[in-house]
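Since the structure comes first, as C-alpha cells, the remarks are kept for the end.
No value in this document is a laboratory result; all are computed from the given coordinates. For clarity, every value in this text was computed on a predicted model and none was experimentally measured.
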Amino acid sequence: MKVLILCGGRGIIDAETRQRIPKALVQIGGKPLIWHVMKIFSTQGYNDFVLALGEGGDAIRRYFYYQHIEGKDVQFDAGSSRIEYLHAGPEDNWRIKCVDTGLNAQTGSRIARCRRYLDSKPFFTTYSDCLCDVDLNELWNYHNNQGKTITVTGVQPTSRFGTFDLMGNEVGSYTSDTKFTSGDRYLNGGFIVMNPSIFDYLDVLSECNLERCVFNELTNSKQLAVFRHEGYWQSVDTERDTDRVTGLYLANKRPWLSNKI
C-alpha cells in the first residue's frame with residue numbers, strides 16, 4: 001500500500017540559518033521531519049512513498065539523493081568512482097518517488113497530480129509536518145468497515161494554554177491541559193486512507209483544496225469517516241514545536257513510535 005505525503009507550502013524560516021526551508025526538512029535530532037513521518041509508516045510495514053513536492057521540492061530531492069550515504073560505512077574506489085556499502089541500513093527498503101506537483105498548488109490538486117503513481121488502489125495520505133502514533137492497521141481496518149471514500153484520523157491535541165470555567169464572575173475551575181476540542185469534535189490529524197474514488201472529487205487543473213472544499217463535498221455525500229485517535233499527535237509548525245519534539249527525541253522518548261518498535 002502506497003503512502004502519499006504532501007510536501008507543498010512555503011515552508012518556514014529555519015531557526016539556525018534564518019533561511020526559508022520546507023517544513024519537511026526541519027531537523028529533529030539530526031534527521032528531517034519528513035524522515036520521522038516516513039519512519040512511522042516504515043515501522044508498521046509501509047515502505048512505498050510518493051512525495052507530492054511544491055516550493056522547496058529541489059531541496060527535498062537533494063536530501064533523498066544523498067541521504068543513502070549519510071551515517072553508513074562505505075568504501076570508495078577512487079579509480080572507478082565505485083562506492084561499496086559495508087552494511088545495510090534500516091531505510092534501504094524504502095522506495096521514494098518525488099513528484100513535482102507545482103509551486104503553489106492546493107492540496108487536492110497535488111493529490112490529483114500523483115494519481116498515475118498510486119496504482120488505482122487505496123492509499124495512505126498524510127502531511128510532512130505531523131507526528132502521530134496511530135495504529136495504521138487499525139486505521140485501515142476501520143476504513144474498510146466504514147465503506148467510505150476516505151477516512152481521516154481525528155485528534156484532540158492538548159493546548160499549552162489553560163482554560164478557566166466561569167460561574168458568573170467567579171472562576172469555577174481551571175484546567176492547564178485543555179483539549180483543543182471537546183465531546184465529539186475532532187481536528188484533522190492527517191493520516192488519511194483514500195480509495196481511488198477520491199479522484200472523482202479532485203481536479204488537476206482547478207487547484208482544489210482538500211480541506212476547505214473536498215472535505216465538505218465528501219461530508220455532504222456521506223463519503224467521509226473519522227477514525228478517533230486518543231494517543232500522541234503533534235503538528236510541527238513553529239520553533240516551539242520543533243524544540244519540544246527535539247527534546248523528546250534526544251531524551252530517547254519518541255512517542256510517535258512508542259508502540260511500534
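Data for the structure
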read-out: Cα long-axis angle, helix 239-250 against the chain (0 to 90 degrees, to the nearest 10); value: 60
read-out: Separation between Cα centres of the stretch 100-133 and the stretch 199-261, rounded to whole Å; value: 12
read-out: For the chain, built as a Gaussian network whose Cα springs stay under 10 Å, the top-fluctuating residue of Ala52, Ala225, Ala78; value: Ala78
read-out: Degrees between helix 33-42 axis and first principal axis of the chain (Cα, 0 to 90, nearest 10); value: 90
read-out: Structure-based [θ]222 nm, the chain - -39500 (n - 2.57) summed over DSSP H runs of at least 4, per residue, nearest 500; value: -6000 deg cm²/dmol
read-out: Sequence-separation-based contact order of the stretch 52-147, relative, with Cα cut under 8 Å and 6+ spacing, percent; value: 30
read-out: Selected from Leu118, Leu202, Leu250 as most flexible by GNM, with the chain as the system and alpha-carbon contacts under 10 Å; value: Leu250
read-out: The chain, relative contact order in percent, only Cα pairs under 8 angstrom and at least six apart counted; value: 24
